[in-house]
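All remarks here apply to the structure that follows.
Taken together, the values in this text are just the output of simple stated rules run on the coordinates, not laboratory data. Here the structure is a predicted model, which is why all the values come from computation and not from measurement. Virtual Cβ from ideal backbone geometry, glycine too; neighbours counted across all protein chains shown.
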Amino acid sequence: MIDFHTHTPLWRTTSWLGGAPFTAEQFVQFMDGAGIEAAVVLSHDGLFDFTPQANDDLAGFVAAYPDRLFGMGTVNIRRPSEAVAETERMLGELGLRGMKIHPWLQGFSPHEAMLDPVCEILAAHGGILLSHDGTPPYSTPAQIAALARRHPRLPVVLGHGGLHDLWREALAMTCETENLYLCLCGTPPYAARRIVTQAPAHKVLFGSDAGLSDRASQDYAVARAREVELWGIPETRRQAVLVDNPRRLLGMTS
Amino acid sequence: MVVDAHVRIGVGRDVELSVEELLTGMDALGIERALVAPAEAQIAYHVRAGNEATTGAAASAGGRLIAYAVATPWLGGEAAVDELRRARDAGAGALAIDPVLQGFDLLDGMVEPLLDFAASAGWPVYVRTGTPPNALPLPLATLARRHPELAFVMGRSGATDFWIDAAPALRHAPNLYADTSYAPWDTLLTELTQDEEIGPGRIVFATDAPYTIPAAELSRTSQLPLSEEDRHAVFGGTISRLLGR
């Protein structure tokens, strides 16, 4: 399986979900144990302190396993010229695959026009935009869908499939918006089952949210990966969610 | 002519408005007609009493009041539609939905039988918005796109944290209309009127009494710079057209 939603440790900032420190080697050991072939790794410090340094740290982490770890950095969009330059650097010099935004933590609305130049760069480089979702007031699936409609060439991923309160909205938006994808990550099982069976088959992904555990072994993420087997979804859909869809979106050929 | 697109009559948790008070207030402000929804308990639970209150008020007001019909979707589709049919037969002219008081998601399918009936009755549909997670402008826009035959009024226009969603929602669904209650004219309403994809023809005046001060709503909204034609549309022309009366 391919895990489309994981995090690095926090290296420079603190949070109530600080978690245990771990190395790239330990992270790949967790992946091997959970049957995860490859993972999208999202900036963690960058959610709180969106600096180029956070992207450098992320790039260093994923560089140890370039065939298995795909990094997505972040920028400070309230500094537009710096955000544009840093997006170019992320996708070019640093070799990251896209951008993670967390609108309510980072303090902006998906409707704000200052996001547009950054999204245009992502689209031009074949990058991916992954957003936290499921949380009002600034991270609802419909708000992120509106951003996706402004950039129809950019693949936009709902990072949490609407979570507990907005999963129906996430499903509806994924059906309605051609370039919007949905990552089941923290979505409750009854909702995941409905989403997997009703969303366009090629648009659903899975993520464990690994990286936040108090143990380097990421025990909760291992449990989440195993739980997929109990969702009761058809094998063809399971294969699409866990393997085919993320491989296609990431352009994995091997 | 000024038409108020949404008030609630009866006794709520913290506010109340009698029909007599409403009509007296309308006279004082020069409001010719108003659409009346029932009180909170009658939207959430006692819907038959609510429909009797609004249609009774309309019947006694000489054409100045137009009744909203209500039905909680939790009655089940058939029973909910029966309530709406009774209200229509008693003269109701529009449907009011409050996903917060009635406890459902706009996109979970529960409201569909009510909307189908509204379409058959030729009713516009008022939906309260602004309260997360289940009464927000953008999911309402998606619902509106699924029912292009219906006109939806985005009650409260997302006030207040979701005012920023109002314009994207209106752009997404051409059959969605903003209401003016609570909205500052010199930020939100100006943005909506000047947006090429929205414009003043998509905005309807509403006081949302008794939660507001109607005189302040009318005074503030009247400052919105509009041509005479657009002013006529915002303050009654558009909602009258949607009502067909």
Query raised in the report: Does A:Gln218 satisfy the criteria of being among the polar types (S, T, N, Q) and more than 12 Å from chain B (Cβ to nearest Cβ)?
Result: yes
Query - Selection within segment B:206-245 - surrounded by 21 or more Cβ atoms within 10 Å (Cβ to Cβ), of a type in the set (A, V, I, L, M, F, W, C) and under 23 Å from B:Gly91 (Cβ atoms) - result: B:Ala206, B:Ala209, B:Ile239, B:Leu242
**Report entry** Residue satisfying all of: in segment A:94-123; charged (D, E, K, R) and more than 18 Å from A:His160 (Cα to Cα); nearest to the other protein chains (Cβ to nearest Cβ) among these
**Finding:** A:Glu112
**Report entry** When residues of segment A:158-193 are limited to those that are surrounded by fewer than 16 Cβ atoms within 10 Å (Cβ to Cβ) and under 18 Å from A:Leu230 (Cα atoms), the one farthest from the other protein chains (Cβ to nearest Cβ)
**Finding:** A:Pro189
Report summary line: The condition from (1) out of contact with any Pro (no Cβ under 9 Å at 6 or more places or on another chain); (2) within 24 Å of A:Ile144 (Cβ to Cβ); (3) charged (D, E, K, R) that A:Arg12 misses is numbered (2)
Report summary line: Contact list, first residue from segment A:9-23 and of a type in the set (Ser, Thr, Tyr), second anywhere and crowded, with 19+ Cβ neighbours inside 10 Å and assigned to a loop (DSSP other than H, G, I, E, B), beta-carbon distance below 7 Å, six or more apart or interchain, is none
Query - Condition met for A:Leu147 (surrounded by fewer than 24 Cβ atoms within 10 Å (Cβ to Cβ), in contact with a Ser or Thr (Cβ under 9 Å, 6 or more places away or on another chain) and not in a strand (DSSP E or B)) - result: no
Query raised in the report: Filter segment A:57-88 for residues that are in a helix (DSSP H, G or I) and touching a strand residue (DSSP E or B) at 6+ places or on another chain (Cβ under 9 Å); which is nearest to the other protein chains (Cβ to nearest Cβ)?
Result: A:Thr87
Query - Residue within segment B:159-179 that is within 13 Å of chain A (Cβ to nearest Cβ), touching a residue at least 12 places away in the same chain (Cβ under 8 Å) and of a type in the set (Ser, Thr, Tyr) present - result: yes
Report summary line: A careful count of residues in segment A:117-147 that are free of Cβ contacts under 8 Å to residues at least 40 places away in the same chain, out of contact with any strand residue (DSSP E or B) (no Cβ under 8 Å at 6 or more places or on another chain) and farther than 18 Å from A:Trp104 by Cβ gives 6
Query raised in the report: From B:Leu140, B:Leu107, which residue is buried (at least 21 other Cβ atoms within 10 Å of the Cβ), outside any helix (DSSP H, G or I), within 14 Å of another protein chain (Cβ to nearest Cβ) and touching a residue at least 24 places away in the same chain (Cβ under 8 Å)?
Result: B:Leu107
Report task. Only residues that are assigned to a loop (DSSP other than H, G, I, E, B) and not polar (S, T, N, Q): list them for segment B:1-39, please. Result -> B:Met1, B:Val2, B:Ile9, B:Gly12, B:Arg13, B:Asp14, B:Val15, B:Gly30, B:Ile31, B:Glu32, B:Pro38, B:Ala39
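Counting just the residues of segment B:86-104 that are touching a strand residue (DSSP E or B) at 6+ places or on another chain (Cβ under 7 Å) and within 14 Å of chain A (Cβ to nearest Cβ), which one comes out surrounded by the fewest Cβ atoms within 10 Å (Cβ to Cβ)?
B:Val100
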Query raised in the report: Would you pick out the residues in segment A:89-107 that are buried (at least 17 other Cβ atoms within 10 Å of the Cβ) and in a loop (DSSP other than H, G, I, E, B)?
Result: A:Leu94, A:Leu96, A:Arg97, A:His102
Report summary line: Scanning segment B:40-83 residue by residue, those more than 13 Å from B:Gly93 (Cβ to Cβ), of a type outside the set (A, V, I, L, M) and assigned to a helix (DSSP H, G or I) turn out to be B:Glu40, B:Gln42, B:Arg48, B:Gly50, B:Glu52, B:Gly56, B:Pro73, B:Trp74, B:Gly77, B:Glu78, B:Asp82, B:Glu83
